[in-house]
Structure formats: structure tokens, C-alpha cells
Amino acid sequence: MPDQHGSAHFCLGQNVLPNARLPSARPGSSLEVDTGLSVMSFRRGNVARRTPHLRQANSSPLAVVVTRPGEGKTMTSQQPAITRRALLGVAALLPLAGCAEGKRTATRPSAGEPSSPSATASARHSQLAALERKFEARLGVYALATGTGATITHRADERFAFCSTFKGLAAAAVLHRNPLSHLDTVIRYTEGDLMKSSAITRRHVATGMTIRQLCDAAVRYSDGTAGNLLLRDLGGPARFTAYVRSLGDTVTRMDRIEPTIAQATPGDPRDTTSPRAFGTNYRKILLGDALPTDKRTFLRHLLERNATAAGAQRIRAGIPRGWNVADKTGTGDYGTLNDIAVVWPPNAAPLVIAIMSSKATKDAEYDQALLAEAAAYVVATLT
């Protein structure tokens, strides 16, 4: 921004616009750039605010206004060093952001970042806030570009009911505490264990199913009984919570089993997590060393072959064709829609994307497009 010699550097997204010669401006000065379509206000080192001010465009040169701190007067330069075409051309491509030390589109938040999006976070990802208004929903997003460490966070530390997204982690927990040969162990159950979502287990009541088959049914088809039987083999909800604690997750808690975990009552902390916590857990079991290679490969192949209709309509619907996806969805009351994924772009490091959502009323409509559009924004921003 203005230096002691009166030169200004304007940043939009990751682009530095040409220098503009200004009257001498001291550090801390604020600047307004009038594009003819809007007035953009800046402070030295970062963008302070953008004030919409629509009016008919004209062909006059940009007006750069320097306001000196502590003074109630301005100085105006009519130097045409920055053309309207240059400024608007960049604005059409990237959101308004800081430059150099202040890239704001995707940043690594501190461990103590507040659970609700701060004013800065909301400004960075106004598209996500716009999706909340569009779909009348609460939206939580945690995304990580593993190659660069860049993140996107929006309500990333707020609690959401995890619903069926626990099943990928339940399978990981069973794999963690047993040798691979345990996959061939047969588990018996009765019709009393069945529920509405028991599409696969319903067929095998007479014979039982192996742990391998239960993992497939729970992870790929989101079979509720299969998920409960994996929990039973693990030792129940408390042992599931203990497993995620071993991954470093101090947020997630599991208190019940299917189908009650899908009640997703607002304000009820039972059976909840945060987008950051579950996204980090899935990163560790699929990309980290939480599981040895053979077990990690087994689980990844299950998650890559998601066979649910919901799987095709959420994160997968928002990413480019040809990208590889391993994900687990979850659905509950109060319009709750979740999807936790690891995404592999071609010739690039994977992305971790955790998207969770809820609405205010128990019988709220499910909007799959909310997650698809959020995923599309994440991909466009991080790649």
C-alpha cells in the first residue's frame, strides 16, 4: 500500500496491480479506489473493507483517494496508472483479498480458532455464508489441501450430529484392534437387530455375516445394522470414542447407536463432532499412519466405492469428473446432511473435505445441492 514516497501497490486475490503514484501518505493511511462500479477501501498491508456503490460505469480514469490518519481531509490523484479494465479484470477472477503476507482466500487457522466463523473468516468465504442463506441451513466446512497446507474453515469447530459418517471410523477402529484375519470372523444377529436402513443385513439373518461383509455393508451401503454390529464387535460407543481419542480427537463423542444417532436434535451434544475433527480423523486413517498400509488400503477401497444415492449427490457432485473420491455420507433429522471425503485430483496432492449441515426444524427438506455447491467452492478455491 502507500509507502513513504507515495507509491501504492494494489492487491486483488493473488495479483498485484500496477503501481500508482500518490501524494505522500504515511503508514496507516486508508485508500479508496473508485472503479466506477464500486468503491474499494484499503489500509496499508491489507484490505480493510469493500463498500458496494453501484452506478453507471464511465470511461474516466480511476480516482485514488488517500486519507491521512487523524486528519479529516483527503487528497485525490487522477493518475490513470491503474486502469478500470485491469482492476475489474482481476476482480472477476478472484475474491477481494490481501496481498503478500495477507492471502485471505485459504489460510491455516490456529488451533484455538473460535468455533463460529469470525468476521474475517466470513469475509473470506462469503460464498459459504451465501449458501447458508440460500438453503436456510447451518453449514460447517473444513477443507485441507495436503500439498500446501492451505485450509478453508467455516463453522469448522461447531458441533454437528455425525450420523452415519461414523461408519468409516468404526471400520477403521475394528481394523486397528484386530489382525486382518479377523475380517473372516462370522457375526450372528437376529431380526430384532434390523431397522429401516438394513438393506444388506436383512438378507443374511439366517447365516450371519463376516466382519469383511459388515464393513462393506456399513461403509458402502450405510447399512445401520452393519454399523451397529461393528460397534458391538468394537465394544460399543464408548470404545468408539476411545478410538478417536487415540487419533488426537478431543471433540467427537459417541453415546448411542443406530437409529437414535440420527435424531440430530439441535443443542444435544450426544453423538456429535465438528467438521475439523472428523475431517482430521479421516485424513489420519486414509492418508496418515493410523492404520498400516494393508488395512488402510482395504478401507480406502470401500470408501472409494460408495454405493449410496447420497454419495453421488453431495461432494462427488461438486468435483470435476475423473477425480478420485473416498467418502462417507450421513443423514439425520433436522435436515442433517454430511459428507466426509478425501479427494485425489489428477497429478496433485489430495484434498480433505468435511462438510456438515443442519436446519432448524425436524422435518426440514433435504438439500443435497447445498453440499455439492459447497464442495465446488472448496475445489475452486484450493486448486
(message) Starting from the 7 Å offset along Cα-to-Cβ, what nm value, one decimal, do you get for the label separation of residue 232 and residue 364?
(response) 3.4 nm
(request) Work out, step by step, the length gained on full extension between residue 148 and residue 185: first 0.36 nm times the residue separation, then minus their alpha carbon distance; give nm to one decimal. (result) 9.2 nm
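Just subtract the alpha-carbon distance of residue 134 and residue 289 from 0.36 nm times their residue separation and send over the number in nm, one decimal. Before the final figure, lay out each step's value.
Working: separation 155, 0.36 × 155 = 55.80 nm, distance 3.94 nm.
Extending this stretch completely gives an extra 51.9 nm.
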(message) Please report the net charge: other residues with Cβ closer than 14 Å to the Cβ of residue 168, K and R +1, D and E -1.
(response) +3
(message) Bin width 5 Å, origin at 0, all Cα-Cα pairs of the stretch 220-365: what percent of pairs per bin?
(response) 2, 9, 16, 23, 24, 15, 8, 3, 0
(message) Just to confirm a number: summing +1 for Lys and Arg and -1 for Asp and Glu over residues other than residue 306 whose beta-carbon lies under 14 angstrom from that of residue 306, what do you get?
(response) +2
(request) Would you mind getting me the FRET efficiency between residue 297 and residue 241? Use the beta-carbon distance for r and R0 = 41 Å, nearest 0.05. (result) 0.95
(request) Rounded to whole Hz and in sequence order, give me ³J(HN,Hα) for the stretch 356-367 from the Karplus expression 6.51 cos²θ - 1.76 cosθ + 1.60, θ = phi - 60°, writing x for Gly and Pro. (result) 10, 7, 7, 10, 7, 10, 4, 9, 4, 5, 8, 10
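Using Cα-Cα distances under 8 Å and only pairs 6 or more residues apart, what relative contact order does the stretch 156-288 have, in percent? Could you put the intermediate results ahead of the total?
Working: 182 pairs, mean separation 46.0, N = 133.
So the answer I get is 35 percent.
Just so you know, all these numbers are worked out from the coordinates, no wet-lab data involved. What you see is a predicted model; the values in this text were computed from it and never measured. All Cβ positions, even for glycine, are placed from backbone atoms using ideal geometry, and neighbour counts span all protein chains on display.
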